[in-house]
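First up is the structure itself, then whatever we jot down about it.
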Amino acid sequence: MPAADLLSSQGLRLDGRRPNELRRIRCKLGVFTQPDGSAYLEQGNTKVLAAVYGPHQASKSKMSTEAVVVNCQYSMATFSTGERKNRPRGDRKSQEMSMHLRQALTAAIKTEMYPRSQIDIYIEVLQADGGTYCASVNAASLALIDAGIPLRAYVTACSASLGRRSATHEPLVDVSHIEEAADGVCLTVASLPSTGSIALLEMSNRLHMDHFNIVLTRAMQGCRDIEVILDGAVRQHLAEGWTKQDVITI
Amino acid sequence: MAGLLLSSTEKVFIVHGVQEDFRSDGRSNIDYRPMELETDVVSHASGSARLRLANTDILVGIKTEIDTPKPDKPDMGKIEFFVDCSANATPEFEGRGGENLASSISNTMQRAYHSSQAFDLKQLCIVEGKQCWKLYVDILILECGGNLFDAVSLATKAALFNTRIPLVKALLMDGGNVDLQLSDDPYDFKFLDVGSAPLLVTLCKIGEKCVVDPSAEEESCSVISLIVGITGNSKSYCADKGASNLSDVDIKCSTISMNGPGSLAPKTLKNAIHQGIIAAKVLDDSLGQALLRERRENINSMKSSYGFLK
């Protein structure tokens, strides 16, 4: 049963957005000079940094002769959450997130192009306000483009929930922390919007099968909208003509 | 730090340049590289600062918590440092790779802030013996471009300057238990007095001379480096006009440590410490001016925040 308080009688969500509104996304490519590719992405109050190293020689234990090995690490800064987090990484949630990131990004990278090599993707969450997985996938996508690694398509991620207003059920796009904590369902989708395929689908809490389709469609639409934003950012970055790496730092 | 390879000729070039007080990028031995500093980058934290010193990028977040004071120090609060070397800086820091470096930096910072003349913990006391503030200083190293200790201490001082401590609105003493009510008003807070907080200065011995703010290439040419923690001057951090009447506080050294496989003659050590004190004075002064200017702009709502977007 969708939580009744996710949507007010005026049709506004807990943070004042309309059901079909994404949070403001601001991003920048080429934030650091050391990694091969880097990006910073803000989705509302969630702030994420992504760094990509590679492709470089794979460690013997991880090497594969057929395709490139994608290695992801998801780390949250200790000051990122409301309550201070004791360990930035290494706990079960971070490891699960790293695996999910790997799942989504491996689907997007043209892995057959770099056998015996490894691509490292490191995500650092500076501020967590819901949708950290989605922001991480989006930031990683930009960082991979900044590193010049060939992708099959943009990979974007978006979450969706279900709200109830009088008798109608309305899907809510881009779930924030306050909505996640309100015990509503949260469906996270990582997809390649140009091809329309889904790389990862994850859901928490309960959702009736009758409503599954509308929530999934909403999330997929959210992915397409985010792709437009990311594409615009990439084009603007290229139009600026230079990255930090081109400027000789003393 | 990632994949830095210098040929022996390049090393000789750097060493010879330093002897002449002329470094590869044109600086003198006591010049710092240009820095960018911005406070209040992370809104979830009580205070934060981001410092960019050429290639080095440090992000510091401060979180406050109510805690009981130590029984032998009932009127003093607590401060704890935690350093995290992010894998963004180099793949070697993945997982637990950066733990050695992180623990050495956090131990040095803990020692530097230990003295009450460096950072007065009495300002963190709420109810003597029962409740005090505990500050968690979380330092995130995003990129390593040489000279980590200096950058970390500068960013920490800026973040502490930016920290807002909520004011206590009501206090309920219930038979030994204290129940606090903090003010909900986001504009109801107090700032900390961090004027005397120490700044770490790294002096790298290259050949016979010592240089301040070594770049990564210069660090690889030196066998030993000295880290001195110098307390700041509260005068530079006071916005009042009456600040010029404050007497010049004696500069004190709160910690000294050495890093590297080499050794240092006592005379070189003394000269290096004096050099560090001079550099720290100038640095502290400029930091104070920049932070005061930012706070003024913030109050007048003239400050535009960039974070990582610029």
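The figures follow:
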item: Given (1) facing another protein chain (nearest Cβ under 10 Å); (2) modelled with pLDDT of 90 or more; (3) under 22 Å from residue B:284 (Cα atoms), number of the condition residue B:54 does not satisfy; result: (2)
item: Among (1) facing chain A (nearest Cβ under 9 Å); (2) under 22 Å from residue B:166 (Cβ atoms); (3) modelled with pLDDT under 90 - the single one residue B:136 does not satisfy; result: (3)
item: Test: residue in the range A:60-68 that is assigned to a strand (DSSP E or B), at pLDDT 90 or above and away from chain B (no Cβ under 11 Å); result: no
item: Sole residue being within 12 Å of another protein chain (Cβ to nearest Cβ), under 14 Å from residue A:48 (Cβ atoms) and not in a strand (DSSP E or B), chosen from A:135, A:143; result: A:143
item: Selection within the range B:18-36 - away from every other protein chain (no Cβ under 14 Å) and either among the basic types (Lys, Arg) or surrounded by 17 or more Cβ atoms within 10 Å (Cβ to Cβ) (or both); result: B:18, B:29, B:30
item: The range A:29-44: number of residues that are in a loop (DSSP other than H, G, I, E, B) and at the interface with another protein chain (Cβ under 7 Å from one of its Cβ atoms); result: 5
item: Test for residue A:133: is it under 16 Å from the mean Cα position of the chain (by Cα) and closer than 27 Å to residue A:237 by Cα; result: yes
item: Single condition residue A:25 does not satisfy, out of (1) within 10 Å of chain B (Cβ to nearest Cβ); (2) at pLDDT 95 or above; (3) more than 22 Å from residue B:54 (Cβ to Cβ); result: (1)
item: Residue in the range A:91-109 that is surrounded by 22 or more Cβ atoms within 10 Å (Cβ to Cβ), charged (D, E, K, R) and at negative phi present; result: no
item: Candidate set: the range B:121-153, residues that are in a strand (DSSP E or B) and not hydrophobic (A, V, I, L, M, F, W, C); chosen: the one surrounded by the most Cβ atoms within 10 Å (Cβ to Cβ); result: B:138
item: Meets criteria (modelled with pLDDT under 95, touching an Asp or Glu at 6+ places or on another chain (Cβ under 7 Å) and more than 14 Å from chain B (Cβ to nearest Cβ)) for residue A:171; result: no
item: Members of the range B:103-132 found to be basic (Lys, Arg) and either in contact with a helix residue (DSSP H, G or I) (Cβ under 7 Å, 6 or more places away or on another chain) or within 14 Å of chain A (Cβ to nearest Cβ) (or both), listed by number; result: none
item: The one condition in (1) within 18 Å of residue B:151 (Cα to Cα); (2) outside any loop (DSSP other than H, G, I, E, B); (3) of a type outside the set (A, V, I, L, M, F, W, C) that residue B:10 fails to fulfil; result: (1)
item: Test: residue B:87 is over 30 Å from residue A:95 (Cβ atoms) and modelled with pLDDT of 90 or more; result: no
item: Matching entry among B:276, B:260, B:288 (being in contact with a Lys or Arg (Cβ under 9 Å, 6 or more places away or on another chain) and within 16 Å of residue B:227 (Cβ to Cβ)); result: B:260
item: Inter-residue pairs, beta-carbon under 6 Å, first within 21 Å of residue B:271 (Cβ to Cβ) and in the range B:195-206, second of a type in the set (Val, Ile, Thr) and assigned to a loop (DSSP other than H, G, I, E, B), 6+ apart; result: B:198/B:231
item: Condition met for residue A:94 (hydroxyl-bearing (Ser, Thr, Tyr), part of a helix (DSSP H, G or I), under 25 Å from residue B:42 (Cβ atoms) and within 13 Å of chain B (Cβ to nearest Cβ)); result: yes
item: Residue check for residue A:80: assigned to a helix (DSSP H, G or I) and within 14 Å of another protein chain (Cβ to nearest Cβ); result: no
item: Residue within the range B:55-69 that is touching a Cys at 6+ places or on another chain (Cβ under 7 Å) and hydrophobic (A, V, I, L, M, F, W, C) present; result: no
item: Test result for residue A:161, surrounded by fewer than 18 Cβ atoms within 10 Å (Cβ to Cβ), outside any helix (DSSP H, G or I) and out of contact with any His (no Cβ under 9 Å at 6 or more places or on another chain); result: no
item: Selected residue (criterion: farthest from residue A:231 (Cα to Cα)) from residues of the range A:37-64 that are crowded, with 20+ Cβ neighbours inside 10 Å and charged (D, E, K, R); result: A:47
item: Unmet requirement for residue A:36, which otherwise passes all of (1) in contact with a helix residue (DSSP H, G or I) (Cβ under 9 Å, 6 or more places away or on another chain); (2) of a type in the set (Asp, Glu); (3) farther than 22 Å from residue B:93 by Cβ; result: (3)
item: Index of the failed condition, residue A:153 passing every other in (1) within 13 Å of chain B (Cβ to nearest Cβ); (2) touching a strand residue (DSSP E or B) at 6+ places or on another chain (Cβ under 8 Å); result: (1)
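Residue-by-condition table, conditions (1) more than 9 Å from chain A (Cβ to nearest Cβ); (2) in a loop (DSSP other than H, G, I, E, B); (3) surrounded by fewer than 22 Cβ atoms within 10 Å (Cβ to Cβ):
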site	(1), (2), (3)
B:42	no, yes, no
B:59	no, no, no
B:63	no, no, no
B:83	yes, no, no
B:87	no, yes, no
B:97	yes, yes, yes
B:101	yes, no, yes
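The values are calculated or read from the model by the stated rules, or taken from the named source; none is laboratory data. What you see is a predicted model, and the numbers here were worked out from it, not measured in a lab. Note that we place each Cβ from the backbone using ideal geometry, even for glycine, and neighbour counts take in every protein chain shown.
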